[in-house]
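No lab work stands behind these numbers, since they all come straight from the coordinates. Keep in mind that what you see is a predicted model, and the values were worked out from it rather than measured. Here the Cβ positions follow ideal geometry from the backbone for every residue, glycine too, while neighbour counts run over all protein chains shown.
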Amino acid sequence: MRASRKFIRVTKFLLAGVTVFCVSWIASVNEWHSRVRWVERRAGNAGRGVEGLSTMRTIVAYSEGKQAEMERPSPVTCDRLPAFPKIPYFNRTWSPHAYSDSWQRVKGTSVSLYAAYYDERAPQRYVRILAIFHGRNISAGEPLFCQTRPFNAIEDSIEVVAAKPLEMWWHEWDATSSTVETPLLLSCPLTDSLNDLSVVSIVTEPCEDPGNAFVLKPSKKLTEYKRTFTICVKDMKFNKNMAQNLVEWIETNKILGVDLIDVYIDEINEETQNVLLRYKDQGYVRLFHVPIKYSFERSLWQRRRDHLITYNDCLYRNLVESEYIVPLDVDEILLPKIAFNLSDLLTRLREHGWNPKEYSAILVQNVFFFDFMQGVHKYKFFKNDSNKSKIYVKRDNVRINDAINIDIDKIELEDDSNSFSMTDLHNLDKEDLNKYGIKCKRKIPIPKLSQNIIRSALVSPVGYYSKSMMLTRRVLTAFNHYPLTNLGMTGFAGWSAPFSEVQLNHYKESCNTTMVAECVRYGQRARVDRTALRLHPRLTHALAAALCHKIKTL
């Protein structure tokens with residue numbers, strides 16, 4: 001009797017343990033759907049193309065509506081193995097005058113596929129696919145399935161799973177018509193890790209022959225990241241010569257400790273091309289074709305949607321190799337105020353509360369350095385009884401936006417010091433610049449970061465025009481300014497860095513209400529900001545060396 005009770009207790013404990021394990025594993029598998037079921041079926045050894053059952057593993061998953069109709073989904077039965085797809089080759093590395101459309105369609109749908117990636121950041125492995133579809137509500141369309149199989153066509157084994165679509169856009173951002181194309185992330189869970197080359201396709205029926213295919217190459221798992229900071233530059237399209245500004249921007253980021261810059265190119269002139277190609281040869285820049293080229297037919301809001309494909313391609317390219325990605329434009333510098341580089345900045349931010357276990361990104365507040373605010377040496381300062389020097393300067397011909405016909409007649413210029421005591425910018429390191437200039441027979445310019453020291457006094461609120469350092473291990477989908485969705489987190493998971501530690505210097509010619517709705521407020525008050533001058537000695541020497549010795553074709 002006692003032995004019987006002991007056996008019953010042991011059995012209960014074992015059942016409880018098995019139940020906990022199963023529930024935990026199912027929960028980890030179903031990042032995207034708590035009701036997914038899967039079965040494994042093996043049958044026959046019929047060859048490909050022969051009627052009958054082939055060795056095939058099928059994971060069955062249904063939409064929310066279908067799950068509600070059924071208490072338990074049934075296995076899919078296929079009378080043959082879907083045909084091995086034709087695998088197209090896409091060279092997405094940029095080169096001048098070489099661009100081809102690298103999208104694949106899903107037959108019978110408005111969905112187009114861009115690229116596929118293997119995601120092993122969590123115990124549950126996934127295939128992630130970047131896509132775009134016509135419309136605003138992907139759930140209203142046909143269900144999609146992933147077929148994943150070994151690259152070795154001899155092995156008859158396919159894993160089929162319902163693809164979970166995630167729209168990479170917040171509909172509150174725009175109120176345009178339904179005639180838009182919305183960026184999409186398709187997620188497909190795997191029962192086993194991928195150890196060798198595999199092929200993934202998207203279909204509308206589990207057993208149909210695929211009309212698209214991507215090769216998945218699992219990366220060798222690294223014990224630590226190769227890089228800490230990788231910058232992502234979206235869809236570069238410039239008709240004017242950006243060569244000199246680009247050299248300064250790249251050299252500034254090198255000084256700040258950025259390890260690599262991924263640039264997506266739409267259209268640039270020859271001088272700008274030469275700069276990027278030379279930095280590519282040095283191994284500091286990687287160049288890619290834009291996923292979607294610019295066209296006049298695509299509205300501003302559509303272009304913003306298009307850019308999400310670029311940013312998320314950059315994210316998933318860097319999952320294994322880079323700890324952070326930083327989406328930046330070439331007129332933006334993420335500038336530490338006390339630390340001398342970004343790595344030291346991270347150390348300081350941890351003391352302020354940055355915890356990578358709780359957050360997915362560090363948000364940095366934006367400040368605008370408008371060109372029309374510069375020319376500080378022309379201003380005349382006077383002292384008053386307060387501790388702040390102010391002057392109201394009439395600015396003729398400064399028009400923020402012609403469409404709304406706003407002129408700024410007065411700019412309140414503020415300086416935190418009691419007097420404006422600063423060496424004439426034209427004399428900064430004049431001797432060294434002349435020495436370099438004589439050596440390479442060209443004039444070395446004073447860096448823009450040193451010349452433009454007047455910014456708008458209005459600091460953008462947290463989340464407005466901010467940029468962020470995103471943790472690749474935590475971000476599921478990325479936006480220009482911050483993560484849209486995160487792994488294992490709900491809601492917004494960004495952490496705002498103290499403005500006393502870091503700021504985003506944004507250098508713009510003027511203010512356009514299409515981009516900055518509060519142009520009037522940003523343009524009425526200005527402030528002297530010398531933060532970037534701490535980089536001046538190193539930057540002038542780096543710029544001179546780059547222009548004279550490394551990049552002679554500008």
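Are any of the pairs 107/293; 357/467; 254/280; 293/337; 217/237 more than 25 Å apart by Cα-Cα distance, and if so, which? Each step should come with its number before you reach the end.
On the way: 107/293 23 Å; 357/467 20 Å; 254/280 14 Å; 293/337 37 Å; 217/237 31 Å.
Over 25 Å Cα-Cα: 293/337; 217/237.
Here's the picture: charge each Lys and Arg Cβ at +1 and each Asp and Glu Cβ at -1 in the stretch 235-375, and of 236, 300, 289 the one pushed furthest to the positive end of that dipole is 300.
Applying 1/(1 + (r/R0)^6) with r as the Cβ-Cβ distance of residue 193 and residue 270 and R0 = 56 angstrom yields a FRET efficiency of 0.75. For the stretch 192-251, a simple Cβ point-charge model (Lys and Arg +1, Asp and Glu -1, everything else neutral) yields a dipole of about 440 debye relative to the Cα centre.
Which residues does the label zone of residue 107 cover in the stretch 171-214, counting backbone N under 11 Å from a point 7 Å along Cα→Cβ? Correct set: 203-205, 208-212. For residue 151, project a label point 7 Å along Cα to C-beta. Then give me every residue of the stretch 208-244 with its amide nitrogen under 17 Å of that point. Residues 213-221 qualify, since their backbone N sits under 17 Å from the label point. Can you work out the FRET efficiency for the pair residue 473 and residue 215, with r the C-beta to C-beta distance and R0 = 30 Å, to the nearest 0.05? After rounding, the FRET efficiency stands at 0.80. Residues of the stretch 273-287 with an amide N closer than 19 Å to a point placed 7 Å from the Cα of residue 239 along the Cα-to-Cβ direction: 273. For the stretch 120-223, the set of GluC sites (Glu not before Pro) satisfying both a DSSP loop assignment and a count of at most 15 other C-beta atoms within 10 Å is given as 155. Simple spin-label estimate for residue 521 and residue 509 gives 2.6 nm between the two label positions (7 Å along the Cα-to-Cβ direction from each Cα). The distance from the alpha carbon centre of the stretch 82-123 to that of the stretch 316-376 is 31 Å, rounded to a whole number.
How much length, in nm to one decimal, is gained on full extension between residue 337 and residue 179, taken as 0.36 nm per residue of separation minus their Cα-Cα distance?
Working: separation 158, 0.36 × 158 = 56.88 nm, distance 4.48 nm.
Net length gain for the segment: 52.4 nm.
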